[in-house]
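> One structure coming up, written as structure tokens, with questions to follow.
What follows is calculated from the coordinates using simple rules that are stated; it is not laboratory data. Every value quoted in this text rests on a predicted model; they were computed, and no experiment measured them. Please note: Cβ atoms are built from the backbone with ideal geometry, for glycine as well, and neighbour counts cover all protein chains shown.
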Amino acid sequence: MANTDLAIQIATTLDATGLNKADKSVKSLDKRIKSLGRTLGVTLGATAMVAYGKAAVKAFADDEAAARRLATAVDNLGLSFFKADVETFIGNLEKSASIADDVLRPAFQALLTTTGSLTKSQELLNNAIQISRASGTDLATVAQDLANGYVGITRGLKKYNTGLTQAELKTRSFNEILGIMLAKSAGAAQAYLETTAFKMDALTLAGENAKETIGAGLVDAFARLGGGTSTADAVQAIDRSEEHTSELQSRSAIS
């Protein structure tokens, strides 16, 4: 079974069993994990379960941190009232473009902190996705190049084969240059949506989102086992579980 398929099934099962509302009891958690394994029809060793749990918690923690960074940037621009709108925009774009929100958020943040405009930043992020897919340049780089171009720093735009010389890039307006870039990238970007690479993006995204869903539940479960409530408490509990598992394996090997 592919890791992505397994992750999606785990996420569904976790939601069904309510692991994100796990009891404080270690015995109860152990029973739930064993039930999860039976439901999936797979056998996960203790080491594999702990390793996957640790990766899931980290994925959730990274996503949470990225969301907070963007929220802080929105606050700093005096746009706190629009934080929910920003998250809705990112969530919808993640689904329609099959790009992870932890990739979209920093790209959007780079544009927002430069333009100071939610509407313009949303427009430019969509433009950046098109240019990224047509050029093969990662979204973060394209977004930063567009942000720089917006304030007149156009040297980074030369890599996108606009057909303009460096001198012309300096004299043309940003909107003119962007129009050329979009015209040249439109066909290639549309063609990308029919590729296997795009389908793999969608599948990978589903797996990563499933991992974050699992991580959200495990943060609560493992944090309580560790006697706390935070993500850090959960990581410490998983670390202790990992150490305990290794110790048991060592004893078993000796005997």
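> Show me 121-128, 186-193 ranked by packing, highest mean number of other Cβ atoms within 10 Å first.
121-128, 186-193
> In what sequence, highest mean first, do 72-85, 169-182, 142-155 appear when ranked by Cβ atoms within 10 angstrom?
142-155, 169-182, 72-85
> Which semi-axis lengths, in whole Å and largest first, follow from the square roots of five times the eigenvalues of the Cα gyration tensor of the range 77-167?
Three semi-axes, in Å: 24, 16, 8.
> Okay, next question. For the range 161-201, max minus min Cα coordinate along each principal axis, in Å, sorted largest first?
Sorted largest first, the three principal extents are 40, 15, 14 Å.
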